[in-house]
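*Asks:* Please see the structure below; I have some questions.
The values are calculated or read from the model by the stated rules, or taken from the named source; none is laboratory data. These numbers were taken from a predicted model, which means no experiment stands behind them. Virtual Cβ from ideal backbone geometry, glycine too; neighbours counted across all protein chains shown. Surface accessibility is based on the protein's heavy atoms, side chains included, excluding ligands, DNA and RNA. Shrake-Rupley method; radii C 1.70, N 1.55, O 1.52, S 1.80 Å.
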Amino acid sequence: MAFAIAHAQQHINDHKAQVSAGVMRQEYHFMGQTGWINDPNGLIWFRGQYHIFYQFNPYSGFWGRMFLGHAVSEDLFHWRYIPIAFAPREWYDDSLINTS
């Protein structure tokens, strides 16, 4: 799982600037740094910050290798992305786990 997280994080780091410059990028709604998000939930207030957890595929704009993302905000507008929380680990977690 650590390799999958490191690989996905490197992909995000390599592509987030290009994605953030996209003309269709949302300004008022939460979006992942790259890829596609699904099921944003777990919005909680804890120790002075809002936390959001979300399923996401950092590699594509479509469903695929689903990871668990986490971000925090003090105002629900400016978000700071926390490193990936979970990655697919078992073969049944992700049918694409053995591909790059």
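*Asks:* Mind checking which residues of the range 1-51 are outside any helix (DSSP H, G or I), under 20 Å from LEU68 (Cβ atoms) and among the β-branched types (Val, Ile, Thr)?
*Replies:* Correct list: THR34, ILE37, ILE44.
*Asks:* Being charged (D, E, K, R), loosely packed, with under 13 Cβ neighbours inside 10 Å and at pLDDT 90 or above: is that true of ARG47 here?
*Replies:* Yes.
*Asks:* Looking at the range 64-87, can you tell me whether even one residue there is loosely packed, with under 13 Cβ neighbours inside 10 Å, on the phi > 0 side of the Ramachandran plot and not in a strand (DSSP E or B)?
*Replies:* Yes, because at least one residue in the range 64-87 is loosely packed, with under 13 Cβ neighbours inside 10 Å, on the phi > 0 side of the Ramachandran plot and not in a strand (DSSP E or B).
*Asks:* Additional query: So, in the range 52-62, of the ones that are within 10 Å of the chain's Cα centre (by Cα) and in a strand (DSSP E or B), which residue ends up surrounded by the most Cβ atoms within 10 Å (Cβ to Cβ)?
*Replies:* Here the residue is PHE56.
*Asks:* Inside the range 21-36, can you point out the residues that are open to solvent by 70 Å² or more (accessible area, probe 1.4 Å) and out of contact with any Ser or Thr (no Cβ under 9 Å at 6 or more places or on another chain)?
*Replies:* Residues satisfying the conditions are ALA21, VAL23, MET24, GLN26, GLU27, TYR28, HIS29.
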